Amino acid sequence: MTTPKFSRPSWDEYFMAMARITATRSNCDRLHTGAVLVKDKRIIATGYNGAPPGLPNCDEVGHLLEGTHCVRTVHAEHNTLLQVARLQGASTEGTTIYSLYSPCIHCAKYLVAAGVKRLVYGQIYRNPEVIEYLRAANIDVDQYKENKSWLEKLRDVFKDEVAEVKAKEGDVQMEVKR
């Protein structure tokens with residue numbers, strides 16, 4: 001019997017999984033969402049929807065609504081860009097953003113202005129016309145197609161504790177020079 005080959009995720013699967021994990025930090029229960037900003041296959045920022053630092057969150061004081069929209073929170077896509085703005089030497093030019101949902105029109109404008117070149121999203125949020133808006137701005141837009149076998153593998157990754165393993169060579173010993 002052959003041992004099954006390890007299932008390595010594609011880059012899109014990997015970064016969308018990270019966006020899902022990031023969304024767990026969201027504190028606006030109207031929609032938990034997350035985003036991951038990537039440059040050259042490296043994560044440069046993550047964001048989730050929540051109140052700005054130091055201000056009360058929806059889950060603490062309730063929603064601040066304008067019509068049917070909560071304005072207490074900064075959206076996940078916007079938060080990723082703001083996180084980069086606080087880093088020295090980082091650039092959003094030519095990046096890819098992975099988001100559980102397509103951006104609202106405001107976040108779409110920020111992505112265009114920041115030089116994001118690709119969006120990978122899970123589901124449409126509110127306005128499907130935003131996709132055409134982004135494409136008109138020469139941003140590549142791809143809807144993520146879930147890979148059921150990868151999602152099953154991802155669930156398996158989190159169901160057990162981290163296993164203790166030993167290197168095949170035996171215990172590793174460090175020589176400390178004094």
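Here Gln143 does not fit the description of being open to solvent by 70 Å² or more (accessible area, probe 1.4 Å) and touching a Leu at 6+ places or on another chain (Cβ under 8 Å). Pull up region 12-64, narrow it to residues that are within 13 Å of the chain's Cα centre (by Cα) and polar (S, T, N, Q), then point me to the one that is surrounded by the fewest Cβ atoms within 10 Å (Cβ to Cβ). Here the answer is Thr24.
Count of region 84-94 residues, restricted to those that are in contact (Cβ under 8 Å) with a residue 40 or more places away in the chain and either open to solvent by less than 60 Å² (accessible area, probe 1.4 Å) or closer than 18 Å to Gly50 by Cβ (or both), is 5. Inside region 136-178, residues that are part of a helix (DSSP H, G or I) and either under 21 Å from the mean Cα position of the chain (by Cα) or charged (D, E, K, R) (or both) make up a count of 12. For region 114-135: of the residues being open to solvent by less than 90 Å² (accessible area, probe 1.4 Å) and part of a helix (DSSP H, G or I), which is nearest to Lys41 (Cα to Cα)? The residue in question is Ala114.
Would you call Thr73 polar (S, T, N, Q), over 20 Å from Glu13 (Cβ atoms), surrounded by fewer than 18 Cβ atoms within 10 Å (Cβ to Cβ) and over 15 Å from the mean Cα position of the chain (by Cα)? So Thr73 fails the test. Candidates are the residues of region 146-178 that are without any contact (Cβ under 8 Å) to a residue 12 or more places away in the chain and among the small types (Gly, Ala, Ser); the one that is least open to solvent (accessible area, probe 1.4 Å) is Gly170. For Ile97, state whether it is surrounded by 13 or more Cβ atoms within 10 Å (Cβ to Cβ) and under 20 Å from Gln83 (Cβ atoms). So Ile97 fits the description; yes.
The values are calculated or read from the model by the stated rules, or taken from the named source; none is laboratory data. Because the structure is predicted, anything quoted here is derived from the model rather than measured. No Cβ is skipped: glycine too gets one built from the backbone with ideal geometry, and neighbour counts run over all protein chains shown. For the accessible areas, the whole protein counts, side chains as well, though only heavy atoms, and no ligand, DNA or RNA atoms are used. Shrake-Rupley method; radii C 1.70, N 1.55, O 1.52, S 1.80 Å.
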